[in-house]
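Visitor: Mind having a look at this structure? Questions to follow.
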Amino acid sequence: MNLNLNNKIVVVSGSAGKEGSIGETIIKRLADEGAIPVLVDRNSRGFGYAEALQKKGIDALFVQTDVTDPVEIENAVQKIVEKYGRIDAVINNVGVNDGAGLDSSYEEFMNSLKLNVVSYFLLVKYALPYLKESKGNILNIGSKVALTGQGGTSGYAAAKGGVLGLTREWAVDLIQFGIRSNAIIIAESYTPAYEDWIKTLEDGETVLNKINKSIPFESRMTKTEEIADTALFVISDRSSHTTGQFVFVDGGYVHLDRALISDVN
């Protein structure tokens, strides 16, 4: 299916994670579809990703940005518009489950909110004039933690709950401009960050097997490619009448009956 993303300017925050991360995978999939990926991230790794695409003849841009700093985000948007003249879609992909729980300080809690939800607001705020011109759309990457809780991560849970609230609020606000706003909700995906966490555990393989068995569909984690493919569909014209929706890419983790989970799986 042609998603009609050719030459679309798609801004993806949190897109300079390790190779195989959700953001980095989205960037690759966008390039495969002929879109022009714009990476916004504080990690200098993004320079290498953009350069690798450019060497293949693919137009791409990396704007190194502290996404918790409103001035830096505003400047990043201006750099993007100076080069391309427009923005067709924004994918907010920042997410760090930083463990800011009830025992954390006020500052730690607020820093978690700034990173995991305020950055979403800021990027959309400054990109909005250009989204209005293009009748573009917004996709927020959310987490099941907003709906299920997890324990020990009040900041991240509050932020991801806020992300879902903003998704629907923006869908209402922006209908008049023909701008769609949706969210993808993921549960367990074996990203490099997830692997790093497993390696810190004394019996990581046992924990990993238990988590896999808790996922009803095929008893496995969601692949980052599956998340990226859904993201591209949702921002594309092929999903032109979808707005205000939470799209679950989670192997049934959140909604399906726990009776499906057994040692047989």
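The values are calculated or read from the model by the stated rules, or taken from the named source; none is laboratory data. Please read these numbers as outputs of a predicted model, since none were measured by experiment. For neighbour counting, all protein chains shown are included, and Cβ atoms are generated from backbone atoms with ideal geometry for every residue, glycine included. Ligands, DNA and RNA are stripped out before the accessible areas are found, and what is left, the full protein with its side chains, is counted by its heavy atoms. Shrake-Rupley method; radii C 1.70, N 1.55, O 1.52, S 1.80 Å.
Visitor: Could you please let me know if Y126 is hydroxyl-bearing (S, T, Y) and open to solvent by 30 Å² or more (accessible area, probe 1.4 Å)? Give the derivation first.
Guide: On the way: hydroxyl-bearing (S, T, Y): yes; open to solvent by 30 Å² or more (accessible area, probe 1.4 Å): yes.
Here the answer is yes, as Y126 does meet what is asked.
Visitor: It is to be established whether one or more residues within the stretch 142-155 are open to solvent by less than 40 Å² (accessible area, probe 1.4 Å), of a type outside the set (K, R) and within 13 Å of the chain's Cα centre (by Cα).
Guide: yes
Visitor: Using the structure shown, decide if L102 is over 16 Å from I26 (Cβ atoms), touching a residue at least 12 places away in the same chain (Cβ under 8 Å), in contact with a helix residue (DSSP H, G or I) (Cβ under 7 Å, 6 or more places away or on another chain) and aliphatic (A, V, I, L, M).
Guide: So L102 fits the description; yes.
Visitor: Something else: Regarding A193, is this residue in a helix (DSSP H, G or I) and open to solvent by 20 Å² or more (accessible area, probe 1.4 Å)?
Guide: yes
Visitor: Specify the residue that is most open to solvent (accessible area, probe 1.4 Å); the eligible residues are those in the stretch 81-90 that are in contact (Cβ under 8 Å) with a residue 24 or more places away in the chain and either touching a helix residue (DSSP H, G or I) at 6+ places or on another chain (Cβ under 8 Å) or not in a helix (DSSP H, G or I) (or both).
Guide: That would be R86.
Visitor: Quick one: what pairs do we get from the stretch 228-244, first residue on the phi > 0 side of the Ramachandran plot and surrounded by fewer than 18 Cβ atoms within 10 Å (Cβ to Cβ), second small (G, A, S) and not in a loop (DSSP other than H, G, I, E, B), C-beta under 6 Å, 6+ apart or different chains?
Guide: Sorted first by the residue in the stretch 228-244, then by its partner, the pairs are G244/A171.
Visitor: Same structure, new question: All but one of (1) closer than 23 Å to V10 by Cβ; (2) of a type outside the set (D, E); (3) in contact with an Asp or Glu (Cβ under 7 Å, 6 or more places away or on another chain) hold for K125; which doesn't?
Guide: (3)
Visitor: Something else about it: Pull up the stretch 23-35, narrow it to residues that are open to solvent by 20 Å² or more (accessible area, probe 1.4 Å) and in contact (Cβ under 8 Å) with a residue 60 or more places away in the chain, then point me to the one that is farthest from V163 (Cα to Cα).
Guide: Residues of the stretch 23-35 open to solvent by 20 Å² or more (accessible area, probe 1.4 Å): 28-29, 32-34.
From what's left, in contact (Cβ under 8 Å) with a residue 60 or more places away in the chain: 28-29, 33.
Working: K28: 24, R29: 23, E33: 27 Å.
Ranking the qualifying residues of the stretch 23-35, first place goes to E33.
Visitor: Okay, moving on. Considering only the stretch 43-70, how many residues are hydroxyl-bearing (S, T, Y), assigned to a loop (DSSP other than H, G, I, E, B) and crowded, with 17+ Cβ neighbours inside 10 Å?
Guide: Residues that pass the stated criteria total 2.
Visitor: Working carefully through the options N111, N93, N75, find the one that is polar (S, T, N, Q) and open to solvent by less than 70 Å² (accessible area, probe 1.4 Å).
Guide: Values: N111 fails: open to solvent by less than 70 Å² (accessible area, probe 1.4 Å); N75 fails: open to solvent by less than 70 Å² (accessible area, probe 1.4 Å).
One residue alone meets the criteria, N93.
Visitor: What is the one condition in (1) surrounded by 15 or more Cβ atoms within 10 Å (Cβ to Cβ); (2) within 19 Å of the chain's Cα centre (by Cα); (3) over 30 Å from L131 (Cα atoms) that I211 does not satisfy?
Guide: That leaves (2) as the condition not met.
Visitor: Testing G149 on (1) farther than 23 Å from G20 by Cα; (2) touching an Asp or Glu at 6+ places or on another chain (Cβ under 8 Å); (3) free of Cβ contacts under 8 Å to residues at least 40 places away in the same chain; (4) not aromatic (F, W, Y), one condition comes back false. Which one is that?
Guide: All conditions are met except number (2).
Visitor: Now, a different point. Would you confirm whether any residue within the stretch 156-178 is in contact with a helix residue (DSSP H, G or I) (Cβ under 9 Å, 6 or more places away or on another chain), of a type in the set (S, T, Y), surrounded by 17 or more Cβ atoms within 10 Å (Cβ to Cβ) and not in a helix (DSSP H, G or I)?
Guide: no
Visitor: Another question, then. Only one of (1) at pLDDT 95 or above; (2) touching a helix residue (DSSP H, G or I) at 6+ places or on another chain (Cβ under 6 Å); (3) not acidic (D, E) fails for L201. Which number is that?
Guide: (1)
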